[in-house]
Amino acid sequence: MITGKVQKAIDQWNQKYPVGTAVRLSNSLGVATYTETISPAMLFAKTEAVIFVRGRIGFFNLNRVVVESIPLTTPINQEQKLK
């Protein structure tokens with residue numbers, strides 16, 4: 001069953017961030033990937049709020065996605081070590 005908290009997170013994300021929003025994904029080693037969303041947020045397995053991004057296979061939980069304000073000159077999918 002969909003929890004109200006998850007649906008609220010999906011609704012808030014979709015109202016605030018359109019498809020094409022610049023985001024940062026970070027892996028467990030601290031490597032950041034800068035990319036953009038290619039879908040609205042959606043429900044997965046009735047329990048998770050997820051999003052698809054350009055250049056990556058699969059989806060990412062919204063808890064692992066950070067909205068970024070990056071210059072348009074920054075290449076999409078640029079990776080760099082976080083400090």
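Can you tell me which residues in the range 6-43 are at pLDDT below 90 and surrounded by fewer than 12 Cβ atoms within 10 Å (Cβ to Cβ)?
N27, S28, L29, G30
Starting from residues that are under 17 Å from A9 (Cβ atoms) and basic (K, R), keep the ones in the range 44-70 and report whichever is modelled with the highest pLDDT.
The qualifying residue modelled with the highest pLDDT is R64.
If K16 satisfies all but one of (1) touching a residue at least 12 places away in the same chain (Cβ under 8 Å); (2) within 14 Å of S69 (Cβ to Cβ), what's the number of the condition it fails?
Single failed check for K16: (1).
Across the range 44-61, what is the number of residues that are of a type in the set (G, A, S) and either crowded, with 16+ Cβ neighbours inside 10 Å or in a strand (DSSP E or B) (or both)?
1
The values are calculated or read from the model by the stated rules, or taken from the named source; none is laboratory data. Everything numeric in this text was worked out from a predicted model, so none of it was measured. Ideal geometry is used to build each Cβ from the backbone, glycine not excepted, and the neighbour counts take in all protein chains shown.
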